[in-house]
Amino acid sequence: MDYRTEIAVRIAVATGLDAETTNGLIEVPPQKELGDYAFPCFALSKTLRKAPAFIASELAADPGLGASWIEKVESVGPYLNFFLDRGHVASTVLTAILESGIHYGDGDEGKGKTVIVEFSSPNIAKPFHVGHAFTTVLGNSLSRIYSKLGYRVVRMNHLGDYGTQFGKLITAYRLWGDEQALRSAPIKELLRIYVKFHEAEKDDPSLGITARENFRRLEEGCPDERALWEKFRDMSLKEFSAVYEKMGVSFDNYNGESFYGDRIPEVVKLLNEKGILTESEGAQVVMLDEYGLPPCIIIKSDGTTIYASRDLAAAMYRYDTYGFYKNIYVVGLPQALHFKQVFAVLEKAGLPYAGDCVHVGFGLVKFKNMKFSTREGNIVVLDELLDESISKTREIIKSNALIRDTGMSDEGIEEVALKVGIGAVIYTYLRAGRERDIVFSWEEMLDFEGDSAPYLIYTYARTRSILRKASERGITDIEISKTDFLLLTSDDETGVVKLLAEIPDAVSRAAATNEPFMVARLAAQIARAFNRFYNNSAILSGTDIALRNARLALCEATCAGILICTDLLGIEVVEQM
RNA sequence: GUUUCCGUAGCUCAGUUGGAUAGAGCGACCGCCUCCUAAGCGGUAGGCCAGCGGUUCAAAUCCGCUCGGGAACACCA
């Protein structure tokens, strides 16, 4: 049952307001000593012409506000505070979670609707660095969140597989390419010749001309250039796939920029039909003055296409193919203007889905005292970061295994190191609002205490451990019907229960704002509340059988809750660590 | 220069449509393993919510200005 709505209805009856209004006014008090829900009476003071505090005390005495599940109603100043019956809440919430398991919080708001999530989108032949990890992790989490709410999600990897840099690469490869090196470490070799090209071009400007010529030949479909491009693309993709697999990320398709290239004539045709394509300084543009935006270039003055035209073609293709409800672009904040322009062109062209396209931007990944440039080759590759995190995790597990005598096998340790180490990296991207810049430092990325994925996973693992021991002792009958949840009324127990109850709301808010950190934050709160309970209460070792079973049920529900959240973030848990 | 985002504890960040005494984590300091995993738990210290003015019964939150920082700004993506 929904306590808030029930309370809103009762207040509505008592005050003469409609239930929707009262529901909107109800808030959660800042301190738990002030109850579970509060109704501020300021809004009533004008119509009733009484002081808010007086109204509150009058309402507190109204018997119509009572219910079996309400422990008491109190007025404190202008607020009317509701205290729920803790046992009743525990019973409602835990029954719901234990019945639904991992499906607790599933929604149906997305039923029959398709959401497209474009994310990751690395550039072919360039290293997959810690900046790409942001869109990858964010997009993956958003995909999972929308899926949980019933949306059909199409995950698209809009590969950067097109553009003038391929002219440079072809040129460089013909001059300095090492077939052997390319085979063993493709991106490393491609980066090497790319960097070399830029160095050499400083002394020999003719290289640039050759590069442009090679790009032109590639665009025209000349077989030699085309074959090299395909080779670079395939080999890069193979390397990216390894990272994706490691991180548990998958895509429904890899239609990159090149895929939309031959659809651009249709875009130009449509914009011409609508009469919004004009010539300016030799280029074909759409003027966007009425939106307060600079013109959007569709065709450059040399007749070639540009990324805006490819994004327009992509949006149209996606609508024609999927009829999307939302078309989400998980792309860095610096491209905000570009997307405003593209969406404005769609709107100006009269396309009804223009308003359903959203740019989900995110902050920069920066370094302390470090420049960051692909051309100069000084970047932090995601793989390095993951390896560092994994090996740190491995060290901790090994030393714990000695201290605790866990008896974990080498394979077991390795599996846990992978999951926890990678989870730790994923979490650092999702713990704060996405528009925040992440100032990269190894120290913070590898901090495994407090607000971190290892903390969440650790909480899960130690809880599983209790449940494992319970079942070893033959306690397998903690069926919902036989569990007396009414016994769970301590501050610590209630703290966990109330947070678990927030999961469904956190998921929908995360989707509505495209902010996975709302899920991450709740997960951390649940884990913290549970650890407090764990520390202060005997769970399995208690002598009261009914209480022991109720607490075991709370453990079970907490595991489900943490699992739901970590799953939405794209983080895997382990049974033991 | 124009547009835009931001400024909350030493550091990293939360703070719902304005509401009660502004909260976490890290770091610092002090405690807690004869007991279910100490990657844990408790406690203390630490704030003029950048500054000034305005709207309001009520402002970290809304509006204006100032200061400070980031980003974007037509033929790269």
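The values are calculated or read from the model by the stated rules, or taken from the named source; none is laboratory data. All figures in this text were calculated on a predicted structure; none of them were measured in a lab. A quick note on method: Cβ atoms are made from the backbone with ideal geometry, for glycine too, and the neighbour counts reach across all protein chains shown. These area figures cover heavy atoms from the full protein model, side chains too; ligands, DNA and RNA do not enter into them. Shrake-Rupley method; radii C 1.70, N 1.55, O 1.52, S 1.80 Å.
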Helix A:165-176 vs. chain A, principal-axis angle (Cα, 0 to 90°, nearest 10): 60
Accessible-area ranking of A:Phe128, A:Phe54, A:Phe259, largest first, probe 1.4 Å: A:Phe54, A:Phe259, A:Phe128
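Please give the length that would be gained between A:Arg174 and A:Thr304 if that part of the chain were fully extended, namely 0.36 nm times their separation in residues minus their C-alpha to C-alpha distance (nm, one decimal).
Contour length minus Cα-Cα distance gives 44.3 nm.
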Degrees, to the nearest 10: A:3-15 long Cα axis against longest axis of chain A: 60
Contour minus Cα-Cα distance for A:Asp108 and A:Lys469 (0.36 nm per residue): 126.3 nm
Other-chain or far-sequence residues with amide H under 5 Å of A:Val360's (modelled H): A:Tyr329, A:Val330, A:Val331
Förster radius 60 Å - calculated FRET efficiency between A:Leu337 and A:Leu34 (Cβ-Cβ, nearest 0.05): 0.85
Accessible area (Å², 1.4 Å probe, nearest 10) - A:Asp234: 90
By accessible area with a 1.4 Å probe, ligands and nucleic acids excluded, highest first: order of A:Ser121, A:Ser389: A:Ser121, A:Ser389
Hz values of 3J(HN,Hα) by residue in region A:309-324 - Karplus curve (6.51, -1.76, 1.60), Gly and Pro given as x: 5, 5, 5, 5, 4, 5, 4, 5, 4, 5, 5, 5, 7, 10, x, 4
Compactness of chain A - radius of gyration and Dmax, Cα, Å: 28.8, 89
Gap separating the Cα centres of region A:318-370 and region A:36-104, nearest whole Å: 42
Extended-chain gain in nm, criterion 0.36 nm per residue less alpha-carbon gap, A:Asp484 and A:Lys50: 151.8 nm
Nitroxide proxy distance, nm - points 7 Å out along Cα→Cβ at A:Phe367 and A:Ala67: 5.7
Protection-proxy order for peptides A:406-418, A:308-320, each taking the mean of Cβ atoms within 10 Å per residue, highest first: A:308-320, A:406-418
Efficiency of FRET from Cβ geometry, A:Glu384 and A:Glu449, R₀ 35 Å, rounded to 0.05: 0.95
Region A:153-212 and region A:225-267: distance between their alpha carbon centers, rounded to Å: 16
R0 of 25 Å, Cβ-Cβ distance A:Glu435-A:His198: FRET efficiency to nearest 0.05: 0.20
Inter-label distance, nm, simple model (7 Å from Cα along the C-beta direction), A:Asn536/A:Glu411: 4.3
Surface accessible to a 1.4 Å probe, per residue, for the residues of chain A, Å²: 46
Beta bridges by DSSP in chain A, antiparallel share as percent, to the nearest 5: 55
Heavy-atom accessible surface of region A:451-540: percent carbon and sulfur, 1.4 Å: 46
Simple label model, 7 Å out from Cα along Cβ direction - A:Arg404 to A:Ala546, nm: 3.3
For region A:382-569, with +1 on Lys and Arg beta carbons and -1 on Asp and Glu, the positive-most of A:Val420, A:Tyr460, A:Leu487 along the dipole: A:Leu487
Listed peptides A:459-469, A:132-142, A:223-233 by packing density, highest first (mean Cβ within 10 Å): A:132-142, A:459-469, A:223-233
Histogram of C-alpha separations across region A:268-411, 10 Å bin width, %: 9, 27, 21, 17, 12, 8, 5, 1
Check: region A:382-569 dipole with +1 on Lys, Arg Cβ and -1 on Asp, Glu Cβ, in debye: 620
